[in-house]
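One structure is given below, encoded as structure tokens.
Derivation of every value follows stated rules applied to the coordinates shown; laboratory data play no part. Keep in mind that what you see is a predicted model, and the values were worked out from it rather than measured. Cβ sites come from the backbone with ideal geometry, for glycine too, and all protein chains shown count toward neighbours.
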Amino acid sequence: MLESVFAQIGLVLGLAVLGGVLAQQLRQPLIVAFIAVGILLGPSGFSLVEQRTEIELFARLGIALLLFVVGLKLDLHIIRTVGPVALASGLGQVVFTSATGYVIALWLGMSPVTALYVAVALTFSSTIIIVKLLSDKREVDALHGRIAVGFLIVQDIVVVLVMIGLTAYGQADGDVNMAWEALRVLLTGAAMLVGLALLMRYVLPGLLHRLAHSSELLMLFAIAWAVIGAVGGEVLGFSKEVGAFLAGVSIASTPYREQVASRLVSLRDFLLLFFFIELGATLDLGMLGAQLGASAILSLFVLIGNPLIVMAIMGLMGYRKRTGFLAGLTVAQISEFSLILAAMGLALGHLQEETVGLITLVGLITISVSTYMILYSHLLYERMAPWLSIFERQVPHRERDDLEDASNDVDVLLIGLGRYGAALAADLRKRGCRLLAVDFDPTTVQQHVRDRYQVCYGDAEDPEFLATLPLQQARWVVSTLRNPDINRMMLHGLRQQGYQGKVAVAVSQSRDARRFEQEGVDLVLVPYADAAREAAIRVMAPQTSVEPRGGENA
């Protein structure tokens, strides 16, 4: 066993990299590899790393940032865009899975409280894994991808409500009336939400505007705000997870959320590594062996039952069987939230370690299998299409309407709102162009938001930020930034994201124009030269007459 904490963390990171490479070769999510590394390092493996407070601290910070980023992504516009199907399929799947899972858990001999935890744990799907897989397949902006993101958001809201309820239940003992404890939690929660609303209205917009002049300071504030929210949630009698989630929600409506979220992704994933390793290190493989039968039954239920209920709901609402099938596959696994929920139940004394092991084993099975189901979703659909007609109406009217709506998003992504960019944006809007503008100056962003532009704060050099933009809908990406290095980084990021539309970049010098033309840019803008050429054409046009100043006597 290694005594040095630094040496232990170095060993953890090194083995995590090796496990991640192996998982990548097998096309498995990194979560599976990290849990396996934890098992290898823990008491069930070589006992090289003992449970230390430092690793646990990293794990708790990772969970806080995970919930914070989920809160940042709580865009109610997405739910409105995909219509009632997100709420109907999301809530329908939650109710169906939890009710049926509870009955199955009781049938397997679990106590009512344990069965309730297991049933709820089977309900949630992994937002991280699904969005990553859909992004890799470039299907996030497809209709089924948009619907999947919508009901994943619904699930995220439900999981926070469940955590609040479990917190209240855990705090109520034999001497405390459950109804009174629920009322206390409700009143405290209402007060917390009111305070948060006041901060969102009067404090956070101005504060973020000031901080955004330095991207480093903005990121530092985001991390601090996530941790402060987690601490506040715990102090007020809720969980750290609930507090971090609400901290993310509090800045989700600002123009800076995409930039913050994209910059925090790497740090979040790094810290979550320790959570999954810690989880794996606490598992007893001997105990897991006794859970194989129950885990197989519950895994089959998640892999088959969850997609079926989503397909049934979407079919009733008028979607095609193909859309229902592809969206349904995204709920064929349990998520990191399920593991966090199990850990919370263990900490509250509601669950035994063997139940946590059972939920973890179901997670490993369903995450692994569903990954392949999603990667080969189109091939699976072709094989199963003849048997899926029962999930489709004769006239799938809803899908036709949604496809029409989906085509009305963005025509042009405009990067940079300086003098040239702002003038170009104004002219494009006059011509009826659907425009989304991006700028890294918070003052410029705020000004154009007041002018009712669709605009967001972000860095065009950041590939993670580019991934958040609606690249699948945009016909043009136009950069009015005349820095060739930034434009080159943007081009590289667009190619990484598989962007298929046209690209225009602005340059200051003719040699840069030639280089970008050689790199395959569709249109090179040279603002001063273009303006001078346009002015010369107008001056020399036959119909142009130039009157001398002062009239005929000049």
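Extension gain for the segment residue 381 to residue 352, taken as residue separation times 0.36 nm less the Cα-Cα distance, is 6.4 nm to one decimal. Note on residue 502: lysines with a C-alpha under 23 Å away, same-chain residues under 8 apart excluded, are 137, 430. In sequence order, segment 116-126 has phi-based couplings of 5, 4, 4, 4, 5, 4, 6, 7, 8, 9, 7 Hz under the Karplus curve 6.51 cos²θ - 1.76 cosθ + 1.60, θ = phi - 60°, and Gly or Pro positions carry x. Loop-located trypsin sites (Lys or Arg not before Pro) in segment 243-280 (DSSP state not H, G, I, E or B) with no more than 12 neighbouring Cβ atoms inside 10 Å do not occur.
Packing, taken as the mean count of other beta carbons within 10 Å per residue, orders the peptides 108-116, 307-315, 358-366 from highest to lowest as 358-366, 307-315, 108-116.
Remark on residue 503: its backbone amide H falls under 5 Å from those of 477, 522, 523, a criterion applied only to residues 5 or more positions apart or on other chains, H modelled at 1.01 Å from N.
What the phi angles of segment 8-14 give under the Karplus curve with 6.51, -1.76 and 1.60, with θ = phi - 60°, is a coupling list of 5, 5, x, 5, 4, 5, x Hz, glycine and proline written as x.
3J(HN,Hα) along segment 186-197, derived from phi through the Karplus expression 6.51 cos²θ - 1.76 cosθ + 1.60 where θ = phi - 60°, amounts to 4, 5, 5, x, 4, 5, 5, 5, 5, x, 5, 4 Hz, with x in place of Gly and Pro.
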